[in-house]
Each structure stands twice: as structure tokens, then as C-alpha cells.
1. Report, by residue number, each residue of region 91-136 that is surrounded by 12 or more Cβ atoms within 10 Å (Cβ to Cβ), charged (D, E, K, R) and either within 12 Å of the chain's Cα centre (by Cα) or more than 23 Å from Lys27 (Cα to Cα) (or both).
2. Looking only at residues that are part of a helix (DSSP H, G or I), out of contact with any Lys or Arg (no Cβ under 8 Å at 6 or more places or on another chain) and farther than 22 Å from Ala93 by Cβ in region 16-37, which one is least open to solvent (accessible area, probe 1.4 Å)?
3. Is it the case, given these coordinates, that Leu88 is open to solvent by less than 30 Å² (accessible area, probe 1.4 Å), under 22 Å from Val114 (Cβ atoms) and of a type outside the set (Ser, Thr, Tyr)?
4. Can you tell me which condition Ser13 does not meet? The list is (1) in a helix (DSSP H, G or I); (2) open to solvent by 40 Å² or more (accessible area, probe 1.4 Å), and all the others hold.
5. Of the residues Lys57, Lys77, which single one is among the basic types (Lys, Arg) and more than 20 Å from Ala6 (Cβ to Cβ)?
6. Looking only at region 74-109, which residues are in a helix (DSSP H, G or I) and more than 18 Å from Val37 (Cβ to Cβ)?
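The values are calculated or read from the model by the stated rules, or taken from the named source; none is laboratory data. Everything quoted here is computed from the prediction, not taken from an experiment. In this analysis, Cβ positions are derived from the backbone assuming ideal geometry, glycine residues included, and neighbour counts consider all displayed protein chains. Quick note on the areas: whole protein, heavy atoms, side chains included, nothing else; ligands and nucleic acids left out. Shrake-Rupley method; radii C 1.70, N 1.55, O 1.52, S 1.80 Å.
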Amino acid sequence: MDDKVARAERTLSLLTTTFLANTEAVKANISLVLDTVLSQNLFAYIDATGVSVETAKRYTSAVQKWQARINSLVTGKTSETRMAGVLLVKHTALQSPQLLSENVAKWTTSLLGVLGKAEVMPVLIATLQTLLAFID
């Protein structure tokens, strides 16, 4: 189990610090990041038992950095970063009911903020779909 958690931690850290590091990286890598999130169950180890304390701490830290990064993307300056943030919030929530319950108020507020802006239609549609996913 320790190996699986450590792998998820390394993957989340790499995605957060490299592939989502800045606006240009987000634009270039969002497809890869989404594919990785969708194909690997990176959030399956929240509250996992049978994991060393050190591995659990590193994993928890990686998840917290992921959350901070996707929160900042949702409120980003460009439509591309907001779209990336909205999609990552949606798929994080779908994969982890626990992260959804912990972040639903913050995410909902951020998503409603996106709806309140003059925004391109694909971002508005993705935002509404994400909010509806919270309800399902």
C-alpha cells in the first residue's frame, strides 16, 4: 500500500508543480493532466490505513497543494486557466466525495464567481456542469 500512496503523491506533486506551474504550462498540459487524473485514482488514498506516517504526510501535503492550485486556477486571469480549474475541480470532486465535502462551499463560491463574469460560452457550460455534478 505504501508504494501506491507514494506513487499517487509523486504524480500529484509532479502535476501540480510542473504541468500546472503557470499559465503557459496549464495551456500546454491540461489534456495530459486531465488524462492522468481520469486514468489514475490519485485521490483514493485519503484516510488510507496501513500507510507509514511519513508517506501519509507527504500524500496529504500533495493533495493540499493540488487543492490550492486548482482553486487558484478557477479564479485565474484567463479563460483558459479558469476552464482548466473548473474541469479539475469537477474531476477531483467526482473521484473523491471526501474532498468534495471538504471543499464544496469554497468551490461553489468560486464557480458562482465564474458565472458572474463575462466569460466565453465553453467556460460557462463547464462551470454549470461542474455545479450540477456536485448535486448528483
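1. Those that are surrounded by 12 or more Cβ atoms within 10 Å (Cβ to Cβ), charged (D, E, K, R) and either within 12 Å of the chain's Cα centre (by Cα) or more than 23 Å from Lys27 (Cα to Cα) (or both): Glu102, Lys106.
2. Per the criteria, the residue is Ala25.
3. Here the answer is yes, as Leu88 does meet what is asked.
4. (2)
5. Criteria check complete, one pass: Lys77.
6. Ser79, Ser101, Val104, Ala105, Lys106, Thr108, Thr109 - these are the residues of region 74-109 that are in a helix (DSSP H, G or I) and more than 18 Å from Val37 (Cβ to Cβ).
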